[in-house]
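The values are calculated or read from the model by the stated rules, or taken from the named source; none is laboratory data. Since we're looking at a predicted model, the values are computed, not measured. Glycine also receives a Cβ, built like all others from the backbone with ideal geometry; neighbour counts cover every protein chain displayed.
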Amino acid sequence: MKTLVAVIGVVFIPILHAADALSELPVEIKATISERGYPSAKKELEAYVKSNPESYSGYSALGKATAFEGDYKQSIDYFEQAKEIKENRNIPDASIYNSIGWVKFLNGDAQGAIVDIETAITRKDELDPKVAEAALNNLGLIYMYGNQGDKAKENFDKAVLDYGSKYARDNLVLMNNLEKNRERQVSDTGVNDSR
């Protein structure tokens, strides 16, 4: 399980970077994130949200920095704070639901992850196309991990159809190869592995 989560976590890294709402952050923090990544900006982000407690972008970026460090519980707290600010201020950005959903999954809450990511998908008019693609791909990965192949394929197919997603296309190939390997094992051993 840890190996799959680690692989999925690596796949998620470009998705985290694609989901930025950094418009209100100071230029110095944006530069640090751009040049050295979210974890490098963590201390600056913590100071920024202390002096700007209603900063949606600040809490969202801090959630990403903390997720990259592997502290998923703290990351969820920061994302929840960003989500509350988003909802209170009616900020038209549904990427927060994708981010929090993915981190919930990494923290072991697949059901909570599905709810949040589906929320992002239903609000696709508030999403950058790359984030909408990522949300469909993330949902597919969660279903794939939970051995719900039909739902996984449905989301991967939609990501490919709507956004030309290379990630989803690769995941469909991976699922197909896994299915063939399972069928081959059953055929070779006569034992049905019903995972």
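With respect to (1) out of contact with any Lys or Arg (no Cβ under 8 Å at 6 or more places or on another chain); (2) β-branched (Val, Ile, Thr); (3) crowded, with 20+ Cβ neighbours inside 10 Å, the lone exception for VAL173 is condition (3). Hey, could you check region 35-55 for residues that are among the polar types (S, T, N, Q) and assigned to a helix (DSSP H, G or I) and say which is nearest to the chain's Cα centre (by Cα)? Among residues in region 35-55 that are among the polar types (S, T, N, Q) and assigned to a helix (DSSP H, G or I), the one nearest to the chain's Cα centre (by Cα) is SER40. With the structure loaded, tell me whether ARG89 is at pLDDT below 95 and over 27 Å from ILE114 (Cα atoms) or whether it fails that test. Taking the combined requirement at face value, the residue does not satisfy it.
In region 80-91, the residues that are among the acidic types (Asp, Glu) reach residues that are surrounded by 17 or more Cβ atoms within 10 Å (Cβ to Cβ) and modelled with pLDDT of 95 or more with C-beta atoms within less than 9 angstrom, at least six apart or across chains, in these pairs: GLU80/TYR59; GLU80/GLY63; GLU80/ILE100; GLU84/TYR59.
Given VAL173, VAL186, which one is of a type in the set (A, V, I, L, M, F, W, C) and over 24 Å from LEU106 (Cβ atoms)? Break it down into steps so the answer makes sense when it comes.
Values: VAL173 fails: over 24 Å from LEU106 (Cβ atoms).
Only one candidate qualifies: VAL186.
Scanning region 141-162 for residues that are more than 16 Å from GLN111 (Cβ to Cβ) and among the small types (Gly, Ala, Ser), we see that the one that is nearest to the chain's Cα centre (by Cα) is ALA159. Evaluate region 165-177: report whether one residue or more is within 29 Å of ASP93 (Cβ to Cβ) and of a type in the set (Asp, Glu). So far as region 165-177 goes, yes, one or more of its residues are within 29 Å of ASP93 (Cβ to Cβ) and of a type in the set (Asp, Glu). Of all residues in region 93-150, exactly one satisfies the criterion of being modelled with pLDDT of 95 or more, among the aromatic types (Phe, Trp, Tyr) and surrounded by fewer than 24 Cβ atoms within 10 Å (Cβ to Cβ), namely TYR143. Only helices (runs of 4 or more DSSP H) whose full extent lies in region 123-195 are considered here, and the ones with at least 1 residues that are touching an Asp or Glu at 6+ places or on another chain (Cβ under 7 Å) and polar (S, T, N, Q) are 166-189.
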